[in-house]
């Protein structure tokens, strides 16, 4: 990596493109994000003003951030934020980096909530950065969300994201495993739990960069998900909905687990935009219906 401090934005773009060339499938985009962060600007400002002069502190921050990425640190952790569902969420290495495919879960949740006539009670299980809970609360003002996680550090970060996006008064954060036992029943349960098999985690690049607790789903990757399915009969309200994200190869196995745990529910498998299995959709039977 070129260690000569860039004088202009254009020079920094060239350095970033080279630096990210072996690290990322989107080196130009990643470089633009890094330079924009150094400048306190945005990508549009970076692209339209390549002649802008970088101050020495800006140039040094940029080079140090690029060094951290080259050493294996994920770009979102270096930036301290990442975008999800149109909003910036603060991030630390204690939480999983939000993925675009998880937006499918939020879209499904919002569509379901839009059809309900009154206020709704929602659970976000394994909240991490809070991106699911906060996105739902920000889009639907009639919801009250209970967001749970085993990690105290994750909950602290999620609370800051709820405050940042103005929904702290409608999202309660609970340190516990899966669904809080005294929270009652929920109209909607959302979950993006760890789902990578233990033996696979260490062989993935993500395994060395993101928290193992948020990735490792046990022997077959379905450990936490299986336990959630078992808890849902007591947690879902009549006619309620659960949306559970899965790994793309787990579709049939996850369906079988869900149907075994919730035989009276309607359970389907939803694919993401790439055509891969992504969500288990569980519709609890309404009272009075066969």
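Mind listing just one residue for me: the one in the stretch 244-265 that is outside any helix (DSSP H, G or I) and within 23 Å of the chain's Cα centre (by Cα) and, of those, surrounded by the fewest Cβ atoms within 10 Å (Cβ to Cβ)? The selected residue is 247. Being in a helix (DSSP H, G or I) and either under 23 Å from residue 111 (Cα atoms) or touching a residue at least 60 places away in the same chain (Cβ under 8 Å) (or both) is the filter here, so list the residues in the stretch 159-196 that pass it. Result: 160, 161, 162, 164, 168, 169, 170. A count restricted to the stretch 20-56 and to residues that are in a helix (DSSP H, G or I) and touching a helix residue (DSSP H, G or I) at 6+ places or on another chain (Cβ under 9 Å) stands at 18. Of all the residues in the stretch 174-194, those that are over 16 Å from the mean Cα position of the chain (by Cα) and either closer than 22 Å to residue 279 by Cα or buried (at least 22 other Cβ atoms within 10 Å of the Cβ) (or both) number 7. The set of residues in the stretch 11-44 being surrounded by 19 or more Cβ atoms within 10 Å (Cβ to Cβ) and within 23 Å of the chain's Cα centre (by Cα) consists of 30, 31, 32, 33, 34, 37. Selection of the stretch 60-109 for residues being more than 19 Å from residue 194 (Cα to Cα), in contact with a strand residue (DSSP E or B) (Cβ under 9 Å, 6 or more places away or on another chain) and not in a helix (DSSP H, G or I) yields 80, 81, 82, 83, 88, 89, 90. From the residues in the stretch 110-131 that are over 16 Å from residue 180 (Cβ atoms) and in contact with a strand residue (DSSP E or B) (Cβ under 9 Å, 6 or more places away or on another chain), which one is surrounded by the fewest Cβ atoms within 10 Å (Cβ to Cβ)? If we take residues in the stretch 110-131 being over 16 Å from residue 180 (Cβ atoms) and in contact with a strand residue (DSSP E or B) (Cβ under 9 Å, 6 or more places away or on another chain), then 119 is surrounded by the fewest Cβ atoms within 10 Å (Cβ to Cβ).
Listed here are the residues, each with its yes/no results for (1) part of a helix (DSSP H, G or I); (2) surrounded by fewer than 18 Cβ atoms within 10 Å (Cβ to Cβ).
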position	(1), (2)
210	no, no
225	yes, no
238	no, yes
267	no, no
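Only the coordinates and a few stated rules stand behind these numbers; no lab work does. Quantities reported herein were computed from a predicted structural model and do not represent experimental measurements. Methodologically, a virtual Cβ is constructed for each residue, glycine included, from the backbone with ideal geometry; neighbour enumeration extends over all protein chains shown.
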